[in-house]
Each structure stands twice: as structure tokens, then as C-alpha cells.
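Throughout, read-outs are computed from the coordinates displayed, never taken from laboratory work. Only a predicted model underlies this, so the values are computations on that prediction, with no experimental measurement involved. Here the Cβ positions follow ideal geometry from the backbone for every residue, glycine too, while neighbour counts run over all protein chains shown.
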Amino acid sequence: MSKTILITGGAGFIGSHLVRLMVNKYPDYKVVNLDKLTYAGNLANLTDVKNNANYEFVKGDIVDTDFINDLFKQYQFDAVIHLAAESHVDRSIESPMDFIMTNIVGTANLLNAAKFNWNNNFDGKLFYHVSTDEVYGSLGETGMFLETTSYDPRSPYSSSKASSDHLVRAYFHTYGLPVVISNCSNNYGSHQFPEKLIPLFINNIKNNKPLPVYGKGENIRDWLWVNDHARAIDLIFHKAKLGETYNIGGHNEWTNIDLIKVLCKVMDKKLGRENGESEKLITYVTDRAGHDMRYAIDATKLKDELGWEPSLQFEEGIEKTIDWYLANEEWMNNITSGDYQKYYDSQYSNR
Ligand code: NAD
Ligand code: DAU
């Protein structure tokens, strides 16, 4: 194997797409997927690669210092791509400490383990930290986030991600640890846990359940197809200059309500419903506390330096996404019924 790579959070939404890409595209890399299998981690996301010779899954918690140090000793990783995180803003409002532990303490543990085990011999090593555009705060009607935009996180989730970004940069400047960071906008696609807007609403439309729109539905997000995020990570991992940050985004801004209306329209067609039927499910509910108004990414640096651009138009991407959730009813039912969580609890009860 030419490289052994640790991918954290590989059983989650974006992580599973990245693991699949790396395992298939680089048969000479060994990919070790470390995941705690929280409610958001699901090995059913990776059934197609689970038996590949260059893939291994390890269940574990990045907050557990001894476990992480032992793992680094055992595998002698050449590189880390760190995605493991608590990722849902609403949950961060309910339970901020989970976010502080995993996103901040967990990242610090990984940085320490890399620094210690690489023993100041950083040749050919890389610590790649995957982060979010939410660290930059909330935009008004104009402007876009650049890599140089000051941090202004406003939720426990985005603050914990911002803290982890700062720690990663501190290890670069203080210890010379070879790092790179990317900050991406909202992802959509297959295998996303149905607490996030798009899979939640697809599932609710299908089951004729209310669509809870926060506030007036006027908040704006910049949506990127998850496979294009994975492509960007691959490129940055192989080509980026050490210490650099890259913004990744779709140039694809939608108000929530317009996006939801597209979902309703496409679903009406797919489910053979009359046009306008699913829109009747829209229900305006109390706004999210501290709800960021608008995110928009300027990804010019990534385009100019590394030649990355999104490969898919939103209309095509959203249709593919809806088709996937409709075709994978069992995946969705296992999550919503809690069966998969029970399975993992019993499967790993003696760890
Ligand atoms: P996700 O919630 O779907 O997956 C997170 C994964 O991390 C899960 O598999 C979970 O089991 C694992 N995990 C959580 N805590 C852990 C711990 N303590 N130890 C080990 N594993 C743990 O998240 P996602 O949407 O795939 O996001 C992945 C990364 O990308 C996160 O760092 C997130 O901040 C970032 N990001 C997400 C988006 C997005 O739109 N979803 C956009 C930009 C950046
Ligand atoms: O911008 C990147 C971020 O995108 C990532 O860092 C996060 O991990 C990811 O969860 C996502 O955060 P958001 O808060 O933007 O995503 P979410 O899907 O939770 O919400 C999208 C928008 O839809 C947001 O404005 C809130 C709104 N919303 C969400 C839900 C779940 C609703 O109106 N109703 C809902 O039920």
C-alpha cells in the first residue's frame, strides 16, 4: 500500500461518499474509516465497499485520547482526513456539550496524536480538516464568504467548528504540522440523515407529513452536490499547498421556501400527484434560535488554483437525489424505525 489514510466520520453522509471515492479510485491506498457510529453514522452507507481489500472499518470515539493514540501507533497513518463531527445545528442548540466534546476536544486529540506519532518528521504527511462555511457567520443580501472573511460563528455547532479550525491552524503555525482546511457550503445528495432539510422533507412529502418551515422560509443556503464536495476533497488532499484554506461551494443559492417548492413539484410528478398537492403540506413553524440568514461561498480560489468546479447543475442533482431516496425505502425505514441503531448497539455491545 502506498499510503495509509485515516478518514474520520466515514460512516456519515459526506464521509461515506469520500470513503467510496478514495477506496475505488486509489486501490493502492489503505483507507481506515474511524467512526463512533453515533445516530448519524450508518455502515449501510458503505455496503458496496465493505469487502474491498484496501478498506477497513474501526469503531471508536475521537474524544478517547488513549484509543486514538493506540490507533495511530497501530496503523502508522500517512495522512488524516477529518470529517467526524456532530453536524446538526438544531441538536447543537439542545445539547451544545456534545459538540464541544467531539468537534473541539476530538479534533485536538487527533492533532496531538498526529504530532506525537509523526514525531516531527512531517515529510509526506498531511492532516486535512473538513469544515463548514458556517464559521464565517451570516451574510446580508449581498457579498460572499472568501477564505479571508473574518470568523463570526453564531451557533454552538458553528462555534465548535470554528474552534477546531483555529486549533488546526495553530498546530500548523506553532508546530509545523502539515495541515490543510476546506470550508464547504450545504451539501445535498444520497445517504444524508433525515434530520437535515432535504432528506427530511423528501421523506415527509412521500408520507404526507407536514413540512416544518422555520420562520418565513426566507433564509438562503448555497447547495452543493455531495459527490462534488468529495471530488474537491480528493483534489485538495492531493494538490493543495500546506497551511492553505479553500472554500468549496455550489454557486447555487436558494431561499428555503423556493427550494422546498421545487422538492414538492418534482415529488408531485414522481409520485403521480396533482401539481400543487405536496405544497399543501408546508407548515410555517417557530424559527430556529439565532437562525443565520444567508450563506454564499466564493470558490474562485479553488477554481483558479486547482481547477475545481461543480460537475452537476442543481436541477439534475436534486432529481437524482429524490430518485435515490425513493428507490432506497429500506435504508430510510431502517433509520426512521431505529432498527439500525438497535443493531449496532447489540453488534458492538462489548466495546
Ligand atoms: P454526519 O453527521 O452525517 O456524519 C458525522 C459522522 O461522524 C457520523 O458517521 C458519526 O457517527 C461520526 N462521529 C460523530 N462523533 C464522533 C466521534 N466522537 N468519534 C468518531 N466519529 C464520530 O455529518 P456530515 O454532514 O457528513 O458532515 C461531515 C463533516 O463535514 C463535518 O465535519 C461537518 O462539519 C462538515 N460539513 C458538512 C456539511 C453539510 O452540508 N452536511 C457542509 C460543510 C461541512
Ligand atoms: O452550511 C453548511 C452546513 O449546512 C453544515 O456545516 C451543517 O453540518 C449542515 O447541517 C448544514 O446546516 P444548515 O443548518 O444550513 O442545514 P439544515 O438542513 O439543518 O437546514 C437548512 C435550512 O433549512 C436552514 O435555513 C434551516 C431550514 N430548516 C431546516 C430543517 C431541518 C427548516 O426550515 N425546517 C427544518 O425542518
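For the reader, a short list of remarks on this structure follows.
- Each residue of region 201-214 was assigned a 3J(HN,Hα) from its phi angle through the Karplus expression (A = 6.51, B = -1.76, C = 1.60, θ = phi - 60°), giving 6, 4, 5, 5, 4, 4, 9, 6, 9, x, 9, x, 8, 6 Hz with x at Gly and Pro.
- Exceedance of the 26 Å cut-off in Cα-Cα distance is limited, within the set 3/239; 25/269; 3/50; 241/303, to 25/269.
- Calculated mean residue ellipticity at 222 nm for the chain: -12500 deg cm²/dmol, from DSSP H runs with n ≥ 4 weighted as -39500 (n - 2.57), summed, divided by the residue count and rounded to 500.
- Rounded to 10°, Cα long-axis angle of helix 107-118 versus longest principal axis of the chain: 30
- Cα-based shape type of region 40-93, given that a ≥ b ≥ c are square roots of the gyration tensor eigenvalues and the cut on a/c is 1.5: oblate
- Calculated on the alpha-carbon coordinates, the convex hull of region 243-287 measures out at 122 cubic angstrom per residue.
- Gained length - residue 269 relative to residue 47, 0.36 nm times residue gap less alpha-carbon distance: 76.9 nm
- C-alpha center-to-center spacing [region 105-163, region 196-270] in angstrom: 21
- For the cross-link pairs 36/196; 36/73; 30/161; 209/265, the ones whose C-alpha atoms lie over 23 Å apart are 30/161.
- Taking amide H positions as modeled 1.01 Å from N, with prolines and chain starts lacking one, the residues under 5 Å from residue 132 and 5 or more places away or on another chain are 184.
- What the Cα atoms of the chain give is an Rg and a Dmax of 19.8, 64 Å.
- The charge dipole of the chain, taken about the Cα centre with unit charges on the Cβ atoms of Lys, Arg (+1) and Asp, Glu (-1), comes to about 460 debye, rounded to the nearest 20.
- Electrostatic dipole magnitude of region 144-232 [Cβ: Lys, Arg +1; Asp, Glu -1; Cα centre; debye, to 20]: 300
- Set of aspartates and glutamates near residue 59 by C-alpha distance (under 19 Å), chain-local residues within fewer than 8 positions excluded: 35, 48, 70, 86, 98, 339, 345
- Helix 314-327 and the longest principal axis of the C-alpha atoms of the chain enclose an angle of approximately 90°.
- Base-10 log of normalised Debye intensity for region 214-351 (one unit scatterer per alpha-carbon) at q = 0.12, 0.13, 0.14, 0.22 Å⁻¹: -0.74, -0.85, -0.94, -1.23
- Phi to ³J(HN,Hα) by Karplus 6.51 cos²θ - 1.76 cosθ + 1.60 over region 286-298, Hz, x for Gly, Pro: 3, 5, 5, 4, x, 4, 4, 6, 8, 10, 8, 9, 9
- Of 283, 302, 271, farthest towards positive along the dipole that unit charges on Lys, Arg, Asp, Glu beta carbons give region 247-305: 271
- A Cβ-based charge dipole, computed about the Cα centre of region 37-170 with Lys and Arg at +1 and Asp and Glu at -1, lands at about 300 debye.
- Close amide H pairs (under 5 Å, H built 1.01 Å from N) link residue 225 with 188, residues at least 5 positions away or on another chain.
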